Amino acid sequence: MQYPAPIAKLMEGFMKLPGIGPKTASRLAFYVLEMKEDDVLEFARSLVHAKRDLMYCSQCHHITDVDPCRICEDTSRDQTVICVVQDAKDVIAMEKMREYNGLYHVLHGAISPMDGIGPEDIYVAELIKRLQENENIQEVIIATNSTIEGEATAMYISRLMKPTGIKTTRIAHGLPIGGDLEYADEVTLSKALEGRREI
Amino acid sequence: MLEKAEGIVLRTINYGESNVILTLFTREFGKVAVMARGAKKTRNRFRSVSQPFVHGIFLYYKGRGMSTLNQGDVLHSFPDIRQHIVRMSYAAYMAELLEKTVEEREKNPYLFELFLTLLEQMEFGHDPEVLTSIFETKMTLQAGIQPELTKCVCCGQTDQIVSFSVKEAGFLCKRCTDQDPYAIHLHPKTIHLLRLFLHIDVQRIGSISLQKETKEELKRVMDAYYEAYGGFALKSKRFLDQLEKWNW
């Protein structure tokens, strides 16, 4: 069946989002028709604002509406530690923890030999430049994912960091909180054993 | 229907919020795509088995569409390959080359054994560049583009081989080398190695150490040959070329 042009256009828009096919797009489009006009306007405005007002922080490359971002600007944070993460979503995950009080650097990806993504495709050079310009930094925590790409990125950064003499650390891998040892796989267990600490 | 296979993860693709599609190369059924549901979640049991190069036993439901992973046991995770960026890059290249040249569910236990042995040798610390050259040479047969490496491709003479012609797809002897002005002149050692690599049993090779020039010549031949006849562009190849510039 041919949809009226405005609905077809709306569906086309929804289909640009990840994981949304024609069926879901049509369901969402018809739902929008039933929404209050104010809500629709508010929704449309927030879409436009998110796109127009958000940018990458010139220092840490985290998504922000002010440059430098609020984390970089916050003088109460520990200015001597930088935590390197893959994505902006990882900053949010770290911030939820409320235990880390240092700065961040978002790479926006990871080195992936499988996908042909090299260091020049992510914000590694910017990290090195930032470290060269800021002499206060004493530690870099590499908090990339515990995947093969995350490990490759961590290896590459640690190699670049060696001549600088800045302490470089990697977040621990192992058993999740509440995890049963019996059900842990051998790779996780060996990592957990490798990173054991004295109590 | 449940199917059990011994396989190696060639490639992983994130799908949806937390699922991963694994491309497995199995001993029993060749290349198989399997969906590992929830594999990106921290406590998911498929998490460790859903990493590239993992050699394991996989149990999956084979339906009409894509198979769904039911169980996975790691036999070997090749930690040294995963912790060494150069080895990882060569292993990724071999995996992608394999993935591109084999068809879905085309059983090939020889190729499975070859790939597994080369990963084991790489894990053991053997030169990844040499192992990749061996793999590339042997894979020409699988890809249906095997060059003539026993005799001169023009006159059939077996001695006095001096160059490799991409255009003629094989060796050229001293007399015929002018047939192709772009033929790559080779050191006798490289000629010997190319012949050796094609037929050598990888189970029996020890550590082969080659001079930088020899490795470069082997690479030049294979790069030019695959570029002309391979018919595919490999992302991992681009990465390998970048890696050379890093001087690791």
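Filter segment A:1-60 for residues that are surrounded by 12 or more Cβ atoms within 10 Å (Cβ to Cβ) and either within 14 Å of chain B (Cβ to nearest Cβ) or of a type in the set (S, T, N, Q) (or both) and give the result.
The answer is A:20, A:24, A:26, A:58, A:59.
Which pairs have Cβ atoms under 7 Å, sit 6 or more apart or on different chains, and link a residue in segment A:20-43 that is without any contact (Cβ under 8 Å) to a residue 40 or more places away in the chain to one that is aromatic (Phe, Trp, Tyr)?
A:20/A:14; A:25/A:14; A:28/A:14; A:29/A:14
For segment A:13-107, list the helices (runs of 4 or more DSSP H) that sit wholly inside it and hold at least 1 residues that are touching a helix residue (DSSP H, G or I) at 6+ places or on another chain (Cβ under 9 Å), of a type in the set (Ser, Thr, Tyr) and over 20 Å from residue A:142 (Cβ atoms); which are they?
Numbers: elements: A:22-34, A:37-53, A:70-73, A:88-97.
So the answer is A:22-34.
Out of the residues in segment B:74-113 that are of a type in the set (Lys, Arg) and not in a helix (DSSP H, G or I), which is nearest to the other protein chains (Cβ to nearest Cβ)? Please lay out each step first, then the result.
Restricting attention to segment B:74-113, the residues satisfying the condition of being of a type in the set (Lys, Arg) are B:82, B:87, B:100, B:105, B:107.
Imposing the further condition that a residue be not in a helix (DSSP H, G or I) reduces the set to B:105, B:107.
Working: B:105: 22, B:107: 24 Å.
Once the filter is applied, the top-ranked residue is B:105.
Residue B:65 versus (1) in a strand (DSSP E or B); (2) closer than 23 Å to residue B:100 by Cα; (3) away from chain A (no Cβ under 14 Å): which is the lone unmet condition?
The number of the failed condition is (1).
Residues being closer than 24 Å to residue B:93 by Cβ and either at the interface with chain A (Cβ under 10 Å from one of its Cβ atoms) or out of contact with any Phe, Trp or Tyr (no Cβ under 8 Å at 6 or more places or on another chain) (or both): count how many of those fall in segment B:33-42.
1
Among (1) crowded, with 22+ Cβ neighbours inside 10 Å; (2) of a type outside the set (A, V, I, L, M, F, W, C); (3) touching a helix residue (DSSP H, G or I) at 6+ places or on another chain (Cβ under 7 Å); (4) over 16 Å from residue B:240 (Cβ atoms), where does residue B:72 come up short?
With respect to (1) crowded, with 22+ Cβ neighbours inside 10 Å; (2) of a type outside the set (A, V, I, L, M, F, W, C); (3) touching a helix residue (DSSP H, G or I) at 6+ places or on another chain (Cβ under 7 Å); (4) over 16 Å from residue B:240 (Cβ atoms), residue B:72 is out only on (3).
Restricting to segment B:1-32, count the residues that are of a type in the set (A, V, I, L, M) and within 14 Å of another protein chain (Cβ to nearest Cβ).
Narrowing segment B:1-32 to residues of a type in the set (A, V, I, L, M): B:1-2, B:5, B:8-10, B:13, B:20-22, B:24, B:32.
Restricting the remaining residues to those that are within 14 Å of another protein chain (Cβ to nearest Cβ) gives B:8-10, B:13, B:20-22.
The total comes to 7.
Restricting to segment A:162-188, name every residue that is over 26 Å from the mean Cα position of the chain (by Cα) and outside the structural domain of residue A:97 (by TED's automatic domain parsing). So that I can check it myself, show each step before the final result.
Residues of segment A:162-188 over 26 Å from the mean Cα position of the chain (by Cα): A:163, A:165, A:180-186.
Once the filter is applied, which keeps residues that are over 26 Å from the mean Cα position of the chain (by Cα) and outside the structural domain of residue A:97 (by TED's automatic domain parsing), segment A:162-188 yields A:180, A:181, A:182, A:183, A:184, A:185, A:186.
For segment B:43-62, how many residues are small (Gly, Ala, Ser) and either more than 20 Å from residue B:113 (Cα to Cα) or at the interface with chain A (Cβ under 9 Å from one of its Cβ atoms) (or both)?
Applying the first criterion (small (Gly, Ala, Ser)) to segment B:43-62 yields B:48, B:50, B:56.
Next cut, either more than 20 Å from residue B:113 (Cα to Cα) or at the interface with chain A (Cβ under 9 Å from one of its Cβ atoms) (or both) only: B:48, B:50.
Summing the residues that are small (Gly, Ala, Ser) and either more than 20 Å from residue B:113 (Cα to Cα) or at the interface with chain A (Cβ under 9 Å from one of its Cβ atoms) (or both) in segment B:43-62 gives 2.
Got a sec? Which of B:68, B:42 is without any contact (Cβ under 8 Å) to a residue 24 or more places away in the chain and among the hydroxyl-bearing types (Ser, Thr, Tyr)? If you could, list the steps in order and put the result at the bottom.
Working: B:68 fails: without any contact (Cβ under 8 Å) to a residue 24 or more places away in the chain.
The match here is B:42.
Under 8 Å between Cβ atoms, at least 6 apart or on separate chains: pull out the pairs that start in segment A:172-199 with a residue that is aromatic (Phe, Trp, Tyr) and end on any residue that is part of a loop (DSSP other than H, G, I, E, B).
From residues that are aromatic (Phe, Trp, Tyr), the pairs are A:183/B:45.
Across segment B:29-47, what is the number of residues that are in a loop (DSSP other than H, G, I, E, B), touching a helix residue (DSSP H, G or I) at 6+ places or on another chain (Cβ under 8 Å) and either over 26 Å from residue A:184 (Cβ atoms) or of a type in the set (A, V, I, L, M) (or both)?
Here the count works out to 0.
If I ask for residues that are among the small types (Gly, Ala, Ser), out of contact with any Asp or Glu (no Cβ under 7 Å at 6 or more places or on another chain) and within 11 Å of chain A (Cβ to nearest Cβ), which ones from segment B:224-247 would you list?
Step one: list which residues in segment B:224-247 are among the small types (Gly, Ala, Ser), which gives B:224, B:228, B:230-231, B:233, B:236.
Now restrict to residues that are out of contact with any Asp or Glu (no Cβ under 7 Å at 6 or more places or on another chain): B:224, B:228, B:230-231, B:233.
B:233, the sole residue that qualifies.
For the list (1) out of contact with any strand residue (DSSP E or B) (no Cβ under 8 Å at 6 or more places or on another chain); (2) outside the structural domain of residue B:141 (by TED's automatic domain parsing); (3) at pLDDT 95 or above, I need the number of the one condition that residue B:94 fails.
(2)
Name the residue that is nearest to the other protein chains (Cβ to nearest Cβ), counting only residues in segment A:169-188 that are farther than 20 Å from residue B:52 by Cβ and in a helix (DSSP H, G or I). Walk me through it before giving the result.
Step one: of segment A:169-188, the residues farther than 20 Å from residue B:52 by Cβ are A:169, A:171-172, A:174-184.
After this cut, where a residue has to be in a helix (DSSP H, G or I) as well, the list is A:181-183.
Details: A:181: 13, A:182: 12, A:183: 7 Å.
Per the criteria, the residue is A:183.
Mind checking whether some residue in segment B:132-151 is out of contact with any helix residue (DSSP H, G or I) (no Cβ under 9 Å at 6 or more places or on another chain), surrounded by 14 or more Cβ atoms within 10 Å (Cβ to Cβ) and farther than 25 Å from residue B:232 by Cα? Steps first, answer last, please.
The first filter runs over segment B:132-151 and keeps only residues out of contact with any helix residue (DSSP H, G or I) (no Cβ under 9 Å at 6 or more places or on another chain), leaving B:148, B:151.
Then drop every residue that is not surrounded by 14 or more Cβ atoms within 10 Å (Cβ to Cβ), which leaves B:148, B:151.
If we keep only those that are farther than 25 Å from residue B:232 by Cα as well, we get B:151.
So far as segment B:132-151 goes, yes, one or more of its residues are out of contact with any helix residue (DSSP H, G or I) (no Cβ under 9 Å at 6 or more places or on another chain), surrounded by 14 or more Cβ atoms within 10 Å (Cβ to Cβ) and farther than 25 Å from residue B:232 by Cα.
What are the residues in segment B:201-239 that are assigned to a helix (DSSP H, G or I), surrounded by fewer than 18 Cβ atoms within 10 Å (Cβ to Cβ) and of a type in the set (Phe, Trp, Tyr), if any?
Passing the criteria: only B:229.
The values are calculated or read from the model by the stated rules, or taken from the named source; none is laboratory data. Since we're looking at a predicted model, the values are computed, not measured. When we count neighbours, we look across all protein chains shown, and the Cβ atoms used for this are built from the backbone with ideal geometry, even at glycine.
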